[in-house]
1. What is the number of the single condition among (1) within 18 Å of Ala75 (Cα to Cα); (2) not in a strand (DSSP E or B) that Glu10 does not meet?
2. Suppose the filter is among the hydrophobic types (A, V, I, L, M, F, W, C) and loosely packed, with under 15 Cβ neighbours inside 10 Å; does Phe43 pass it?
3. Pick from Ile59, Ile16: which is touching a residue at least 12 places away in the same chain (Cβ under 8 Å), surrounded by 15 or more Cβ atoms within 10 Å (Cβ to Cβ) and touching a Ser or Thr at 6+ places or on another chain (Cβ under 7 Å)?
4. Can you tell me how many residues in the range 19-33 are of a type in the set (S, T, N, Q) and surrounded by fewer than 14 Cβ atoms within 10 Å (Cβ to Cβ)?
5. Restricting attention to the range 81-91, does a residue exist that is exposed (fewer than 12 other Cβ atoms within 10 Å of the Cβ), of a type in the set (D, E, K, R) and not in a helix (DSSP H, G or I)?
6. Anything in the range 92-121 that is closer than 27 Å to Gln11 by Cβ, of a type in the set (Val, Ile, Thr) and either at pLDDT 80 or above or surrounded by fewer than 11 Cβ atoms within 10 Å (Cβ to Cβ) (or both)? List them, or say none.
7. Taking interchain pairs and intrachain pairs at least six residues apart, which have beta carbon atoms under 7 angstrom, with the first residue in the range 71-99 and within 29 Å of Asn5 (Cβ to Cβ) and the second surrounded by 12 or more Cβ atoms within 10 Å (Cβ to Cβ)?
Amino acid sequence: MAGDNLRTVEQVTGRIDLGQAILGGIGTGAWVGLFVGLIVGLFTVGPAWLGLILGGILIGAAFGAVFGLAAGIAARRRGEYSALRSVVASRYDVIALDGTVGAARQALGLASPAQYPPPPA
């Protein structure tokens, strides 16, 4: 399937508030802390690696909350909105190998090839 005349469409979902920014920062920081804890945990012996992973998650979440708060305050001053972005095409083409056009049309639920005029040469 190929799209023609691509464009980006944004659907505004609302204003960015501090709660969303802080929660996003906590989530991102926790993932980074988990990664750092796992890397450091590779070089430890015994059950201490569990404490390193949990400590990494907690410290990462704390730093993420602080940075999320700072990002939320900065976004609030600029009046930014949260939005969902998607790429859409004005026209889509289905590309099929020779001999499979009928099966492709049947799979898409389209009419039989006899109902369509032949493509221009």
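The values are calculated or read from the model by the stated rules, or taken from the named source; none is laboratory data. Given the structure is predicted, the values throughout are model-derived calculations rather than measurements. When we count neighbours, we look across all protein chains shown, and the Cβ atoms used for this are built from the backbone with ideal geometry, even at glycine.
1. Here Glu10 clears every test but (2).
2. In short, yes.
3. When all the criteria are applied, what remains is Ile16.
4. 0
5. yes
6. Passing the criteria: none in range.
7. Listed by first residue and then by second, the contacts come to Glu80/Ile16; Tyr81/Arg15; Tyr81/Ile16; Ser82/Ile16; Ala89/Gly3; Tyr92/Gly3; Val94/Ala104; Ala96/Ala104.
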